[in-house]
Amino acid sequence: MRKIRVLIIMGCCLFAITLTASSQAARKPGLWETTSTMSWQKSPLPPGVNLPPGMKSPFSGMTVTAQTCYTQEMIDKYGGPMSRPQGGCKITNIVQKPNGMSADLVCTGNMSGKGEVWSSWTDSNHTSGKMHFAGTMQSGQNSTPVEWTTTFTSTYKGPDCGNVKPVIISNN
């Protein structure tokens, strides 16, 4: 069950990160590589939990690198790529600016709360940004406070996505 919660959280973060590297003026369709680092201010892992020797807590900070294929349609419709929302989370209040964007991440269900997403770029090949989320995670009948910050950088790799396929977005 704990692994499912971690995957939900990571899915929400990757969802937000794939959105944040976006702007019609600064974004190019093609392959982008994003490296993100998550740090926890309030971990859902209860205090005093002893992990097996050599095992690092999944909530102790994690760096992930992922590639995303951005289509022109995604850029035109959303200002950048959109992935399928995970764990009851969605992006709202997208505000595009000449050198960046901002949006809200709203989650309901087993994990509920709100986050803010910001990104900016200095040229058409590089993006950096940050997301901060605070809320609760349901654990049985108890709710545990959670809070994390994710920072990221994205780099344009080229117009050919190779084997990386764009995420199909439903119109819901």
Within 10 Å of each candidate Cβ there may be at most 10 other Cβ atoms; applying that plus a DSSP loop requirement, which chymotrypsin sites (Phe, Trp or Tyr not before Pro) in the range 126-168 survive? none
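Full extension from residue 134 to residue 155: what is 0.36 nm times the residue separation minus their Cα-Cα distance, to one decimal in nm? All intermediate terms of the calculation are to be shown ahead of the outcome.
Working: separation 21, 0.36 × 21 = 7.56 nm, distance 2.76 nm.
4.8 nm is the gain from fully extending residue 134 to residue 155.
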Contour minus end-to-end for residue 65 and residue 90, with contour as 0.36 nm per residue of separation and end-to-end as the Cα-Cα distance? 6.8 nm
Taking a straight Cα-to-Cα line shorter than 18 Å from residue 130, and setting aside same-chain aspartates and glutamates fewer than 8 residues away, one finds 33, 104, 116, 147
For the range 104-119, what does the Karplus curve 6.51 cos²θ - 1.76 cosθ + 1.60, with θ = phi - 60°, yield as ³J(HN,Hα) per residue in whole Hz, taken in order and with x for Gly and Pro? 10, 10, 10, 10, 9, x, 4, 10, 10, x, 9, x, 10, 10, 9, 8
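Want the number for residue 104 to residue 122: 0.36 nm per residue separation, take away the alpha-carbon distance, what's left?
Working: separation 18, 0.36 × 18 = 6.48 nm, distance 2.23 nm.
Extra length available between residue 104 and residue 122 comes to 4.2 nm.
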So, counting K/R as plus one and D/E as minus one, what does the shell of residues with Cβ under 14 Å around residue 121 add up to? +3
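We did not get these values from a lab; they are worked out from the coordinates using the rules stated. In this text, all values refer to a predicted model and were calculated from it rather than measured experimentally. Cβ atoms come from the backbone with ideal geometry, glycine included; neighbour counts cover every protein chain shown.
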